[in-house]
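Engineer: Got a structure here, written out as structure tokens. Questions coming.
The values are calculated or read from the model by the stated rules, or taken from the named source; none is laboratory data. These figures come from a predicted structure and were not determined experimentally. When we count neighbours, we look across all protein chains shown, and the Cβ atoms used for this are built from the backbone with ideal geometry, even at glycine.
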Amino acid sequence: MEKSEHILQLAGVSKSFGARRVVDALSLTVLPGELFCILGPSGCGKTTLLRMIAGLETPDEGSIELDGRLVVDQGKPRLTPQERVIGFVFQDLALWPHLTVGGNLDFVLRARQISRPSRQEQIRKVLNRVHLSEFEGAYPETLSGGEQQRLAIARALVSNPLLVLLDEPLSSLDYRLRAQLQQELVSWLREFKVTALIVTHDQNEAFAMADRLAIMNSGRLVQVGTPEGVRQSPSDPFVREFLMGVSQFSS
Amino acid sequence: MHSPRWLFIVTGTFFLGIAVLPVCLMFLESFQTANGFTLANYASLLTSSRQQELLWNSLVLALATASFATLLGAPLGFFLAKLRLPSRHRWRLLLVTPLLVPPYILGIAWIFAGGQLAEGFARWTFSLPGAVAMLSLSCFPIPMLVAEAALSRVPARLEEAAWLAAGWRRTLFSITLPLVLPSLASGFLLVFILSLGDFSVPSLLRVRVFATEVYTQFAAFFNFGAATAATAPLLLLILVLSISVRLLIGEKWITTRRSPGASALLLSEAWTMAGMGLFSVMILLSSVLPLLCLAMKVRHVETLIRSAWSTRDSIAASLVLSAAVSLLSVAMGLLLGYWRARTKARLKALADVLWILLFTLPGTVLGIGLVRLWNQPLTNPLYGTWVTLLLGLLARFVPIAALLLAAGVRQMPASLEEAALVHGSSWWRSFIGILVPSMKRSLLAVGLLVFLLAFGELAITILLIPVGTSTLPLQTFTTITNSPDEVMAALCLLQVLVILITLFVIGRSVTKSRPQMDKLPA
């Protein structure tokens with residue numbers, strides 16, 4: 001089978017909780033190596049979308065294809081979350097409090113059945129990259145907010161996943177720290193050559209980081225394009241209004 | 001917060017007087033003889049082979065009961081927390097029932113069953129293993145509830161994050177279990193302490209342990225020194241264990257709040273069936289079969305009615321007494337718990353240990369301390385009246401009420417009351433108008449629990465009851481040897497009926513809708 005052109009493809013994916021349709025017949029293609037941002041107000045279905053890609057929720061309808069493998073087929077899951085080889089940075093980080101910094105990374109690698117020496121090498125490499133080497137034996141609760149954030153990112157990257165999903169990855173940080181970590185995050189993602197799907201409600205963040213982005217509202221993607229493209233020609237009144245803040249800010 | 005300090009000082013002092021003072025008195029007394037200070041009472045503990053047998057029996061009973069109860073209860077708690085169950089609260093209520101029925105009633109039922117089944121089984125029930133089996137079947141809800149509460153508190157994200165990398169088995173064993181281990185250990189310890197101090201089952205099955213020895217020394221030989229010395233090692237052991245429980249649980253006393261997000265370990269339909277099967281087996285073994293045994297023994301409704309009529313005074317006394325104890329315990333427990341939850345004083349950890357200690361102290365031990373306290377020239381007018389018994393039961397049940405209600409108050413954000421104070425309300429108005437209504441369900445649940453525990457109480461009652469009167473459990477217990485089986489069974493069944501009626505009338509309103517505090521924003 002030839003290498004697929006896209007790393008992730010969603011076709012007609014829908015999800016309802018009770019009577020509320022959270023994601024509505026959504027289709028999306030993410031290309032290998034790109035940083036794709038989904039930008040939208042809170043409650044628009046962004047997080048549910050990520051959880052369906054990861055396999056933590058099952059779509060009611062639609063298909064999801066990951067690196068040429070059909071992971072969800074017409075609303076029926078074909079692969080477990082574990083088999084999808086995905087990295088995930090949760091909004092609340094979800095660091096395991098009873099494991100050390102090294103232990104948090106090791107848990108992920110051990111599940112991938114990697115030998116002990118190469119696990120250690122990989123852990124050292126990633127921790128070094130995110131400036132946490134000296135904390136390998138520390139417990140997450142002893143780290144500062146920024147350090148915890150970097151650990152969560154390291155855990156998502158450590159097993160060389162096909163795709164990393166980031167749910168509001170910088171929202172828990174204060175403004176200065178956020179600006180700094182944003183640049184670092186982009187450089188790490190490029191360096192590890194992973195494809196990233198980032199969900200955020202922060203327009204500055206999305207426009208600064210994304211290769212391509214999509215504006216999401218009420219469970220649908222309203223517009224998809226490059227940051228410049230979207231900014232210069234907003235497709236409808238919602239996008240125009242939503243972007244008001246950022247266009248004034250950056251122009 | 002401008003709370004009236006005198007209120008807490010008065011309540012606290014009263015509590016210290018009726019509950020802590022007797023224990024201290026007794027402890028001091030164990031060092032005394034007619035000639036002054038002595039360690040003789042303790043020396044005999046170490047040297048006498050009789051005492052060593054008691055120690056051995058007590059420890060084996062407690063250790064085995066705690067182990068079996070945890071092995072039974074923890075998986076049930078896991079299923080309660082992790083399955084997508086229809087009517088979860090109804091299963092929980094059915095599973096908790098054996099904890100609320102006094103263990104000696106289950107014991108009597110099993111003895112009847114043994115009598116009908118086989119000679120060997122009947123003989124086996126009158127042994128240490130028999131006592132372990134009966135206590136395990138009545139204590140397993142404790143580790144079950146503790147495990148369920150702990151598992152529901154594990155944030156779903158932690159499991160989901162693991163689930164992305166590993167299968168559910170590794171997630172369960174490497175992430176979930178280590179996180180709930182301290183709680184499981186505390187549940188184990190609680191059962192250990194409670195079965196160490198249980199008086200009724202060993203005494204029913206004629207297994208000699210410390211808790212029964214205390215009573216024998218006191219009631220048969222009226223030997224205070226020996227009775228208190230027999231309690232001293234228990235007292236020390238329970239003190240150490242109470243501190244351990246406090247350290248393990250820390251500030252996280254049984255909170256009912258579930259963590260945000262649905263549980264990550266989505267067990268399949270097959271598991272739901274397996275879980276419900278397990279629930280049914282346990283309910284059958286621990287509640288339905290014993291009840292059937294009793295009912296078969298009674299046979300005619302007429303026997304039941306006749307027994308009820310002839311014991312109507314005891315039934316009335318039990319109901320009134322338990323209701324009074326329940327009301328007063330909730331009132332005092334709320335004040336003490338409020339102080340515990342809102343104070344910044346260092347004393348709060350000590351208060352926790354004290355409450356765990358007093359609740360888990362064997363009833364006979366506390367009872368003898370209480371006799372010592374009330375049988376003095378100064379307090380003698382009260383001794384042997386219902387007042388002494390009421391105060392004795394308060395000493396037993398205020399601690400558990402305070403412990404649980406402190407946890408309840410801690411879940412209420414202080415800002416709710418602060419908002420009332422800032423907007424011109426007095427402390428009393430914010431306490432009565434804001435805090436109490438928003439804790440309605442916790443108060444009702446604790447009141448129900450204390451009512452049921454007080455209704456089945458035996459050890460303190462037997463020591464402090466006014467001469468010539470009786471409660472229903474006491475009547476049951478004292479007629480064991482000289483009544484026909486069907487009368488015994490009828491008395492047991494009456495007790496169970498009262499318990500079940502209370503449980504399903506009041507318990508429904510407690511568990512039916514979710515606690516108020518769940519409605520608060522996170």
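Engineer: Quick one: would you say B:M282 is over 25 Å from B:A69 (Cβ atoms) and at pLDDT 75 or above? Reasoning before the result, please.
Structural biologist: Values: over 25 Å from B:A69 (Cβ atoms): no; at pLDDT 75 or above: yes.
Here the answer is no, as B:M282 does not meet what is asked.
Engineer: Follow-up question, since we're still on this one. Scan region B:137-156 for residues that are polar (S, T, N, Q) and touching a Gly at 6+ places or on another chain (Cβ under 9 Å) and jot them down.
Structural biologist: Taking region B:137-156 first, the residues polar (S, T, N, Q) are B:138, B:152.
Across region B:137-156, the qualifying residue is only B:S138.
Engineer: List the number of the failed condition for B:P381; all other conditions in (1) over 20 Å from the mean Cα position of the chain (by Cα); (2) surrounded by fewer than 23 Cβ atoms within 10 Å (Cβ to Cβ); (3) modelled with pLDDT of 90 or more hold.
Structural biologist: Result: B:P381 fails condition (3) only.
Engineer: A further question on this structure: Is one or more of the residues making up region B:25-41 surrounded by 13 or more Cβ atoms within 10 Å (Cβ to Cβ), closer than 30 Å to B:A341 by Cα and without any contact (Cβ under 8 Å) to a residue 24 or more places away in the chain?
Structural biologist: Scanning region B:25-41, I find no residue that is surrounded by 13 or more Cβ atoms within 10 Å (Cβ to Cβ), closer than 30 Å to B:A341 by Cα and without any contact (Cβ under 8 Å) to a residue 24 or more places away in the chain, so the answer is no.
Engineer: Which is crowded, with 16+ Cβ neighbours inside 10 Å and assigned to a strand (DSSP E or B), of A:L165, A:L189?
Structural biologist: Working: A:L189 fails: assigned to a strand (DSSP E or B).
Answer to the selection: A:L165.
Engineer: State whether one or more residues within region A:9-25 are modelled with pLDDT under 90, closer than 25 Å to B:T171 by Cα and within 14 Å of another protein chain (Cβ to nearest Cβ).
Structural biologist: No, region A:9-25 has no match at all.
Engineer: Given the conditions (1) more than 18 Å from B:W168 (Cα to Cα); (2) in a loop (DSSP other than H, G, I, E, B); (3) facing chain B (nearest Cβ under 10 Å), report the number of the one that A:A152 does not fulfil.
Structural biologist: Evaluating A:A152 over (1) more than 18 Å from B:W168 (Cα to Cα); (2) in a loop (DSSP other than H, G, I, E, B); (3) facing chain B (nearest Cβ under 10 Å) leaves (2) as the failure.
Engineer: Condition check: aromatic (F, W, Y) and buried (at least 24 other Cβ atoms within 10 Å of the Cβ). Does B:W355 satisfy that? Outline the logic, then answer.
Structural biologist: On the way: aromatic (F, W, Y): yes; buried (at least 24 other Cβ atoms within 10 Å of the Cβ): yes.
So B:W355 passes the test.
Engineer: Residues in region A:76-92: is at least one modelled with pLDDT of 90 or more and at positive phi?
Structural biologist: The answer is no; no qualifying residue exists.
Engineer: Hey, another quick one. Give just the number: which of (1) out of contact with any helix residue (DSSP H, G or I) (no Cβ under 9 Å at 6 or more places or on another chain); (2) basic (K, R); (3) crowded, with 21+ Cβ neighbours inside 10 Å does A:R150 not satisfy?
Structural biologist: With respect to (1) out of contact with any helix residue (DSSP H, G or I) (no Cβ under 9 Å at 6 or more places or on another chain); (2) basic (K, R); (3) crowded, with 21+ Cβ neighbours inside 10 Å, A:R150 is out only on (1).
Engineer: Here's another thing I want to ask about it. Scan (1) of a type in the set (V, I, T); (2) within 26 Å of the chain's Cα centre (by Cα); (3) closer than 25 Å to B:K348 by Cα for the single condition B:I432 breaks and write down its number.
Structural biologist: Result: B:I432 fails condition (2) only.
Engineer: In addition: Taking region A:126-155 on its own, how many of its residues are touching a residue at least 60 places away in the same chain (Cβ under 8 Å) and either polar (S, T, N, Q) or more than 11 Å from A:N104 (Cβ to Cβ) (or both)?
Structural biologist: Within region A:126-155, the subset touching a residue at least 60 places away in the same chain (Cβ under 8 Å) is A:129, A:152-153, A:155.
Filter once more, so that each one left must be either polar (S, T, N, Q) or more than 11 Å from A:N104 (Cβ to Cβ) (or both): A:129, A:153.
Residues in region A:126-155 being touching a residue at least 60 places away in the same chain (Cβ under 8 Å) and either polar (S, T, N, Q) or more than 11 Å from A:N104 (Cβ to Cβ) (or both): 2 in total.
Engineer: Also: Regarding region B:462-471, can at least one residue be identified that is under 19 Å from the mean Cα position of the chain (by Cα) and surrounded by fewer than 24 Cβ atoms within 10 Å (Cβ to Cβ)? Don't jump to the end; show me each part of the working.
Structural biologist: From region B:462-471, those under 19 Å from the mean Cα position of the chain (by Cα) are B:462; that's our starting set.
The next check asks that each one be surrounded by fewer than 24 Cβ atoms within 10 Å (Cβ to Cβ); those that pass are B:462.
Within region B:462-471, one or more residues are under 19 Å from the mean Cα position of the chain (by Cα) and surrounded by fewer than 24 Cβ atoms within 10 Å (Cβ to Cβ).
Engineer: Restricting attention to region A:168-186, and to residues there that are in contact with a strand residue (DSSP E or B) (Cβ under 9 Å, 6 or more places away or on another chain) and assigned to a loop (DSSP other than H, G, I, E, B), which single residue is surrounded by the most Cβ atoms within 10 Å (Cβ to Cβ)?
Structural biologist: Going through region A:168-186, the residues in contact with a strand residue (DSSP E or B) (Cβ under 9 Å, 6 or more places away or on another chain) turn out to be A:168-171, A:185-186.
From the residues that got through so far, the ones that are assigned to a loop (DSSP other than H, G, I, E, B) too are A:168-171.
Working: A:E168: 20, A:P169: 27, A:L170: 23, A:S171: 14.
Applying the filter and picking the extreme gives A:P169.
To keep it simple, each residue is scored yes or no on (1) surrounded by 22 or more Cβ atoms within 10 Å (Cβ to Cβ); (2) touching a Cys at 6+ places or on another chain (Cβ under 8 Å); (3) at pLDDT below 80.
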| position | (1), (2), (3) |
| --- | --- |
| B:L45 | no, no, yes |
| B:R50 | no, no, yes |
| B:L72 | no, no, no |
| B:A81 | yes, no, no |
| B:L100 | yes, no, no |
| B:L106 | yes, no, no |
| B:F121 | no, no, yes |
| B:F126 | no, no, no |
| B:P129 | no, no, no |
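Engineer: Being more than 27 Å from B:G167 (Cα to Cα) and not small (G, A, S) is the filter here, so list the residues in region A:33-58 that pass it. Lay out the reasoning, then the answer.
Structural biologist: Going residue by residue through region A:33-58, those that are more than 27 Å from B:G167 (Cα to Cα) are A:33-44.
A:E34, A:L35, A:F36, A:C37, A:I38, A:L39, A:P41, A:C44, listed by residue number.
Engineer: Let me ask something else about it. Can you say whether B:L336 is under 20 Å from the mean Cα position of the chain (by Cα), crowded, with 16+ Cβ neighbours inside 10 Å and at pLDDT 85 or above, as far as the supplied structure shows?
Structural biologist: yes
Engineer: Being touching a Pro at 6+ places or on another chain (Cβ under 7 Å) and modelled with pLDDT of 85 or more is true for just one of B:G408, B:G456. Which residue is that? Before you say what the answer is, go through the steps one by one.
Structural biologist: Numbers: B:G408 fails: touching a Pro at 6+ places or on another chain (Cβ under 7 Å).
Result: B:G456 is the single residue among B:G408, B:G456 that is touching a Pro at 6+ places or on another chain (Cβ under 7 Å) and modelled with pLDDT of 85 or more.
Engineer: Pairs, please: C-beta under 8 Å, at least 6 apart or cross-chain, first residue more than 7 Å from chain A (Cβ to nearest Cβ) and in region B:148-172, second buried (at least 19 other Cβ atoms within 10 Å of the Cβ) and among the acidic types (D, E)?
Structural biologist: B:T171/B:E159
Engineer: Separate question: Just to be sure, is B:S438 touching a residue at least 24 places away in the same chain (Cβ under 8 Å) and surrounded by 13 or more Cβ atoms within 10 Å (Cβ to Cβ)? So that I can check it myself, show each step before the final result.
Structural biologist: On the way: touching a residue at least 24 places away in the same chain (Cβ under 8 Å): yes; surrounded by 13 or more Cβ atoms within 10 Å (Cβ to Cβ): yes.
For B:S438, the condition - touching a residue at least 24 places away in the same chain (Cβ under 8 Å) and surrounded by 13 or more Cβ atoms within 10 Å (Cβ to Cβ) - is met.
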